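Values quoted throughout were computed directly from the atomic coordinates according to the rules given, and no laboratory measurement underlies them. Note that the coordinates shown come from a computational prediction; the quantities given were computed from them, not determined experimentally. As a convention, Cβ positions derive from the backbone with ideal geometry for all residues, glycine included, and neighbour counts pool all protein chains shown.
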Amino acid sequence: MAMNEISVGILGIGTYVPDKVLTNKDLEKMVDTSDEWIVERTGIKQRYIADADTATSDLATKAAQRALENAGVTADEIDLIIVATATPDMLFPAVACLVQDNLKAAKAAAFDLAAGCTGFMYSMVTAAQFIKSGLYRKVLVIGAETLSKILNWQDRNTCVLFGDGAGAVVLGETKPGCGIIGVHLGADGAGGKFLSLPAGGSRIPASVESVTENLHFVHMNGTEVFKFATKVMGEAAVAALEDAGLTANDIDCLIPHQANIRIIQSASKRLKVPMDKVIANVDKYGNTSSASIPLALEEALQAGKIKNNDIVVLVGFGAGLTWASCVMKWCKEENTFA
Ligand code: ACO
């Protein structure tokens, strides 16, 4: 990082999940599965599910309000809102615009960013550039999903994996040398076919056929995504650490995307970071896509697992296929210490 560059850090964090819990036992009554299979293959025990009247912008707004409060920042100080989501309320307007109205963040520009489960990381890195350039001072980054709305609840291959939730951070200037000190973003569009929601866009507009053929639901080749994820998580983290002039030995806390405990364990093994430095809460939330990293980060902060000057590595993967990692030096200057 250049000496005179603005350092960007997390000034506040907030999360929100709906009230309704769906356990593996509940799923046993819906599809041919078992609590034992789900726990053994994924580590997931339960997930939160939004009710019929709740959309992604509702969860996003609540997480954002908590993040603003945690940061001690008012909505009218926000210059930009970026919402990472694969489950927008509708194709347009963007969820970020709906949130901007809910928060009455009158001066904020607003847009959504689509990078699947990697969306939160992509959005953080994007937001940081606006602050580093001097264009904006405070940016709200939100990862929010209601994946339950796009799951085929008769498909055991996918419906057991995901959950709903939202997480938000306020990004702004921090002490020199603190905050985001290394980043890496990547994509491999050739793998896009392994994880998609085929219909409802311009390729296959909504029709009676598209609905009958279940094309408005998540389609996933689990084995291919698993292979990709186990490879890319370690590589992405190492690339971001290199950008920061660090190595995996420097990691104090690893916050991986929460898709499957076996993928998280594999990242821990590849990076040689013991599991006591790795945050895993997939058992409670399932895979909440772009909300998973802020949900895990807040849990780590509340549990006191992040200390002053710790090196914290966030790393994710997702639809696209995409991957990203962000290395942060966590300094007391941020408001996020519990
Ligand atoms: N309950 C019981 N059996 C099941 C279930 C279930 N819920 N789901 C699948 N099975 C069956 C399969 O049908 C298969 O049966 P068969 O051998 O008779 O065909 C058997 O279990 C084994 O299936 P595998 O696919 O080999 O199981 P695997 O150990 O690979 O685990 C899983 C599957 C959990 C989906 C794994 O591949 C995985 O986690 N992949 C990555 C998924 C992921 O991370 N997706 C999201 C990434 S990006 C984002 O976060 C949006």
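Nearest 10 degrees is fine. How inclined is helix 222-243 to the longest principal axis of the chain, computing both from alpha carbons?
Helix 222-243 sits roughly 0 degrees off the main axis of the chain.
Going down the list Lys138/Lys305; Lys138/Lys332; Lys132/Lys277; Lys138/Lys277, which pairs span over 22 Å between their C-alpha atoms?
The answer is Lys138/Lys305; Lys132/Lys277; Lys138/Lys277.
Any idea how far the Cα center of region 272-329 sits from the one of region 64-96, in Å?
20
Choose one of Gly304, Ile263, Ala280: the residue whose Cα lies farthest towards the positive end of the charge dipole of region 252-338 (beta-carbon charges +1 Lys, Arg; -1 Asp, Glu; about the Cα centre).
Ile263
Using Cβ counts within 10 Å as a stand-in for footprinting exposure, how do Asp164, Asp26, Asp19, Asp58 rank, fewest first?
On the way: Asp164 29, Asp26 14, Asp19 9, Asp58 22.
In order of increasing Cβ crowding within 10 Å: Asp19, Asp26, Asp58, Asp164.
Counting other beta carbons within 10 Å of each residue's own, what order do Leu246, Leu135 fall into, fewest first?
Going from sparsest to densest Cβ surroundings: Leu135, Leu246.
Test of understanding: what is the full-extension gain from Ser210 to Asp283, defined as 0.36 nm times their sequence separation minus their Cα-Cα distance?
23.0 nm
Grab the DSSP H runs of the chain that are 4 residues or longer, score each as -39,500 (n - 2.57), total them, divide by all residues and round the 222 nm result to the nearest 500 deg cm²/dmol.
-9500 deg cm²/dmol
Kindly write out, for region 279-286 in residue order, the coupling ³J(HN,Hα) from the Karplus curve 6.51 cos²θ - 1.76 cosθ + 1.60 (θ = phi - 60°), rounded to whole Hz, with x marking Gly and Pro.
My calculation for region 279-286 gives 8, 9, 9, 4, 4, 8, 10, x Hz in order.
Which one of Leu27, Ala52, Thr42 is farthest out on the positive end of the charge dipole of region 1-65, using unit charges on Cβ (Lys, Arg +1; Asp, Glu -1) and the Cα centre as origin?
Most positive-ward Cα: Thr42.
May I ask you to sort His184, His216 by Cβ crowding, counting other Cβ atoms within 10 Å and putting the fewest first?
His216, His184
What is the dipole size for the chain, taken about its Cα centre, with +1 at each Lys and Arg Cβ and -1 at each Asp and Glu Cβ, in debye to the nearest 20?
Dipole of the chain, to the nearest 20 debye: 560 debye.
Where nothing but the Cβ of Lys and Arg (+1) and of Asp and Glu (-1) is charged, how large is the charge dipole of region 223-338 around its Cα centre, in debye to the nearest 20? Kindly include the intermediate steps, with their values, before the conclusion.
Numbers: 12 positive and 13 negative charges, 75 e Å.
With Lys and Arg at +1 and Asp and Glu at -1, about 360 debye.
Considering only C-alpha atoms, what is the centroid distance from region 179-205 to region 244-262, in Å?
Measuring centre to centre over Cα atoms gives 22 Å.
So if we plug the beta-carbon distance of Lys231 and Lys104 into 1/(1 + (r/R0)^6) with R0 = 41 Å, what FRET efficiency do we get, rounded to 0.05?
0.40
Can you give the extra length, in nm with one decimal, that the chain gains between Lys332 and Lys29 once fully stretched, where that is 0.36 nm per residue apart less the Cα-Cα distance?
104.3 nm
How big is the dipole moment of region 102-261 about its Cα centre under a simple scheme where the beta carbon of each Lys and Arg is +1, that of each Asp and Glu is -1, and everything else is neutral? Debye, nearest 20, please.
Dipole size: approximately 520 debye.
Check the cysteines of the chain one by one and keep only those with no other cysteine Cβ under 4.7 Å from their own.
Isolated Cys, the chain: Cys97, Cys117, Cys159, Cys253, Cys326.
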